[in-house]
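So the structure is just underneath, and the comments pick up after that.
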Amino acid sequence: MPIVLSTAPLSAADRAERWHEAVSGTFMPMDVNLLEKEPSPGTIVSSQLGALHISRVQAGPQVVMRNKRHISRDDRKSLIVSLQQQGTATKEQDGRESVIRPGEFSISDSSRLFRIKLEGEFAFTSFHFPREDLHVRDEDLQALTATTFTSEEGSAALVATFLARMAREAEGFDDGVGRRVAATALHPA
């Protein structure tokens, strides 16, 4: 059963604090700066498939940042694959900056600093999982963070299609099937 967090019932004055709590609680501790004088409602709908946490996020413009203070207080190492559905995200990590548009995806690593700017109304689906579950060397991972993967061609198109379908179907999987689908997503070989 999905977990739904929404700031829609709150007054605009109360939305910023509740949204910060919802984002940090769903993903990991980080700063959230809303870019609207009166924050738009935001919604996070999350499902769990084994070790894979899937969240669909819709909200107004904002900047999220993970800094040294957050990292030192949170020793969990996680990866987040984000599939953009609406709006544009500008991501910065490991000395790179990339723009992620609808249909594209990117990877962020919680163990290192990152910054994400989401301009305008946006929606994305994220796939959040423990770093060690991917079995990728740190050097290889650093070459992939804050990189735009387009869903137009090649293996990135297959990955984007698989992730989008998995997110749509997640609520219908029983626990055993959900764990197997998540294991396939993290260990495709």
Problem - Residues of the range 74-121 that turn out to be more than 13 Å from the chain's Cα centre (by Cα), hydroxyl-bearing (Ser, Thr, Tyr) and within 22 Å of Asp140 (Cβ to Cβ), as a count - result: 2
Fill in the blank from the handout: Note: among Phe124, Phe129, just one is in a strand (DSSP E or B), within 25 Å of Val4 (Cα to Cα), open to solvent by 20 Å² or more (accessible area, probe 1.4 Å) and hydrophobic (A, V, I, L, M, F, W, C), namely Phe124
Practice task
Can you run down the residue pairs with Cβ atoms below 6 Å, 6 or more apart or on separate chains, where the first is in the range 42-67 and without any contact (Cβ under 8 Å) to a residue 12 or more places away in the chain and the partner is open to solvent by 10 Å² or more (accessible area, probe 1.4 Å) and β-branched (Val, Ile, Thr)?
Solution key: none
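Yes/no matrix, rows are residues, columns are (1) at pLDDT 95 or above; (2) open to solvent by 10 Å² or more (accessible area, probe 1.4 Å); (3) of a type outside the set (S, T, N, Q):
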residue: Ser11; (1), (2), (3): no, yes, no
residue: Asp14; (1), (2), (3): no, yes, yes
residue: Glu17; (1), (2), (3): no, yes, yes
residue: Val32; (1), (2), (3): yes, yes, yes
residue: Ser40; (1), (2), (3): no, yes, no
residue: Ser47; (1), (2), (3): no, yes, no
residue: Pro61; (1), (2), (3): yes, yes, yes
residue: Ser72; (1), (2), (3): no, yes, no
residue: Ser78; (1), (2), (3): no, yes, no
Exercise for the section: Kindly establish whether Ser55 is touching a His at 6+ places or on another chain (Cβ under 9 Å) and open to solvent by less than 40 Å² (accessible area, probe 1.4 Å). Expected result: yes
Exercise for the section: Would you mind finding the one in Glu97, Glu139 that is in contact with a Ser or Thr (Cβ under 9 Å, 6 or more places away or on another chain) and open to solvent by 50 Å² or more (accessible area, probe 1.4 Å)? Expected result: Glu97
Problem - Pairs, first closer than 18 Å to Phe127 by Cβ in the range 10-32, second assigned to a helix (DSSP H, G or I) and modelled with pLDDT of 95 or more, C-beta under 8 Å, six or more apart - result: Met30/Val23
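The values are calculated or read from the model by the stated rules, or taken from the named source; none is laboratory data. In this text the structure is predicted, and so the values were computed from the model without any measurement. Heads up, the Cβs are rebuilt from the backbone with ideal geometry, glycines too, and the neighbour counts pull from every protein chain shown. Ligands, DNA and RNA are stripped out before the accessible areas are found, and what is left, the full protein with its side chains, is counted by its heavy atoms. Shrake-Rupley method; radii C 1.70, N 1.55, O 1.52, S 1.80 Å.
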